[in-house]
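What follows is a short report on a single structure.
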Amino acid sequence: MQKLLVTGGAGFIGSNFVHYVMAHTDSFVTVLDKITYAGNVESIKHLPASRFRFVKGDIADAALVDQLVAEHDVVVHYAAESHNDNSLHDPRPFLDTNIIGTYTLIEAARKHDKRFHHISTDEVYGDLELDDPERFNEDTPYNPSSPYSSTKAGSDLLVRAWVRSFGLRATISNCSNNYGPYQHVEKFIPRQITNVIDGIRPKLYGKGENVRDWIHADDHSSAVLAIIDKGVIGDTYLIGADGEKNNLEVVALILQHMGQAPDAYDHVVDRAGHDLRYAIDSSKLRRELGWSPQFSDFESGLEDTIRWYRDNETWWRPQKAATEAKYRQQGQ
Ligand code: NAD
Ligand code: TDX
């Protein structure tokens, strides 16, 4: 039985990964999570004590991290400050968690010679023009735009340096935009679904022409397991499911599936430095590790996600009013 230490396992993608690991492997999972505004223990409740443990703590706490890393076989590092808009208003926590937190983890992994997998984002590559035929691949130069993406880029570079200089047994994955259950209502898709439930019109930044490459969180999880299992130490793998859509198209689908008029949305103030388009070429992962996504139909995955938010109002309701109040202050 493999023992996994999953940082940020009470967040959106981390909690989906924990559920995926529980269902598809016999591994033991310890979640290390600080439970910031974005973490929610409700997302990982009712898991079997024989295979699951939760530790509340900070990835920048060197003594705690050293002890936990020593007790596990593999560290899967999801914990981060993850929201671009927050990083534009208060960058400091992004440096503390994404840079210092990652540094603290890789120092412990190096000391105890543990396998380390670093979860990152396609945003480290900057953005593409709408009509650019190219997509991001493992050789695309780093060019991050926001405080969030620049701290993620910095953390990737730390991991690469620890591999080269100290022989850290690490891999890195850079994934596109995830959707699915347990995503905080500050993020685009859950914000609009819960707005419609609350009788508020969806809010599109700027013209709504920005493109994101959507992937279901379960497909992200299966890719991460494949990389932990078969990935080449020191390598980077891009994860994506050919899910490019502009924001207006996504809002149109949400309105359609929630019985609203097609024009029942508002344009609001654009995000500063708003990346135009992300697009992932995941052919290395598919070719070398035999991975492929299971959720090829975005529309049906989105329908499942809408159903999940309708059925799980007690999960998201406590965060909704404060999140919208913050957006209102920003004109968004
Ligand atoms: P999230 O904000 O939903 O969850 C982050 C989790 O990390 C929370 O549970 C939070 O409490 C925890 N955390 C934050 N600071 C911590 C600290 N100092 N110590 C311990 N725990 C801490 O984020 P998410 O969307 O699930 O993203 C998870 C990871 O995936 C991040 O590394 C992010 O960069 C990456 N990623 C996200 C997406 C996406 O579409 N959301 C896409 C690609 C990559
Ligand atoms: O109300 C909104 N209206 C809107 O038009 C919100 C919250 C967002 N948007 C736009 C901005 C983006 O173009 O929707 C798109 C998606 O926005 P977010 O959900 O904030 O995601 P994004 O900024 O693309 O970043 C996400 O994907 C990559 C995650 O939050 C990151 O953690 C990940 O690295």
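For the range 18-42, enumerate the residues that are in a loop (DSSP other than H, G, I, E, B) and either under 18 Å from residue 187 (Cβ atoms) or not hydroxyl-bearing (Ser, Thr, Tyr) (or both).
Going residue by residue through the range 18-42, those that are in a loop (DSSP other than H, G, I, E, B) are 25-27, 34-40.
The answer is 26, 34, 35, 36, 37, 38, 39, 40.
Filter the range 28-58 down to residues that are surrounded by 21 or more Cβ atoms within 10 Å (Cβ to Cβ) and free of Cβ contacts under 8 Å to residues at least 60 places away in the same chain, then give me how many there are.
6
Checking the condition within 16 Å of ligand 2 (Cβ to nearest atom) and free of Cβ contacts under 8 Å to residues at least 24 places away in the same chain, which residue from 150, 87 passes?
Numbers: 87 fails: free of Cβ contacts under 8 Å to residues at least 24 places away in the same chain.
The unique qualifying residue is 150.
Within the range 271-278, is there a residue that is more than 23 Å from residue 117 (Cα to Cα), more than 14 Å from ligand 2 (Cβ to nearest atom) and part of a loop (DSSP other than H, G, I, E, B)?
no
Given the criteria surrounded by fewer than 23 Cβ atoms within 10 Å (Cβ to Cβ) and either part of a helix (DSSP H, G or I) or within 14 Å of ligand 1 (Cβ to nearest atom) (or both), does residue 87 qualify?
Details: surrounded by fewer than 23 Cβ atoms within 10 Å (Cβ to Cβ): yes; either part of a helix (DSSP H, G or I) or within 14 Å of ligand 1 (Cβ to nearest atom) (or both): yes.
For residue 87, the condition - surrounded by fewer than 23 Cβ atoms within 10 Å (Cβ to Cβ) and either part of a helix (DSSP H, G or I) or within 14 Å of ligand 1 (Cβ to nearest atom) (or both) - is met.
Quick one: in the range 179-204, of everything that is within 11 Å of ligand 2 (Cβ to nearest atom), in contact with a strand residue (DSSP E or B) (Cβ under 6 Å, 6 or more places away or on another chain) and of a type outside the set (D, E, K, R), which residue is nearest to residue 279 (Cα to Cα)?
Residue satisfying both the conditions and the ranking: 189.
Taking residue 20 and the conditions (1) crowded, with 18+ Cβ neighbours inside 10 Å; (2) touching a strand residue (DSSP E or B) at 6+ places or on another chain (Cβ under 6 Å), which numbered condition does it fall short on, given that it satisfies the others?
The one condition residue 20 does not meet is (2).
Kindly indicate which of 197, 239, 227, 233 is touching a residue at least 60 places away in the same chain (Cβ under 8 Å) and under 19 Å from residue 299 (Cα atoms). Talk me through it step by step, then tell me what you get.
On the way: 239 fails: under 19 Å from residue 299 (Cα atoms); 227 fails: under 19 Å from residue 299 (Cα atoms); 233 fails: under 19 Å from residue 299 (Cα atoms).
Unique residue meeting the criteria: 197.
Considering only residues that are aliphatic (A, V, I, L, M) and out of contact with any Cys (no Cβ under 8 Å at 6 or more places or on another chain), look in the range 115-147 and name the one that is nearest to ligand 1 (Cβ to nearest atom). Outline the logic, then answer.
Keep residues of the range 115-147 that are aliphatic (A, V, I, L, M), which gives 119, 124, 128, 130.
When the remaining residues are screened for being out of contact with any Cys (no Cβ under 8 Å at 6 or more places or on another chain), the result is 124, 128, 130.
Numbers: 124: 9, 128: 16, 130: 20 Å.
Here the answer is 124.
Tell me which of these residue 46 doesn't satisfy, since it passes every other one: (1) at pLDDT 95 or above; (2) more than 16 Å from the chain's Cα centre (by Cα); (3) not in a strand (DSSP E or B).
Failed condition: (1).
The values are calculated or read from the model by the stated rules, or taken from the named source; none is laboratory data. Keep in mind that what you see is a predicted model, and the values were worked out from it rather than measured. Positions of Cβ are backbone-derived with ideal geometry, glycine not excepted, and every protein chain shown enters the neighbour counts.
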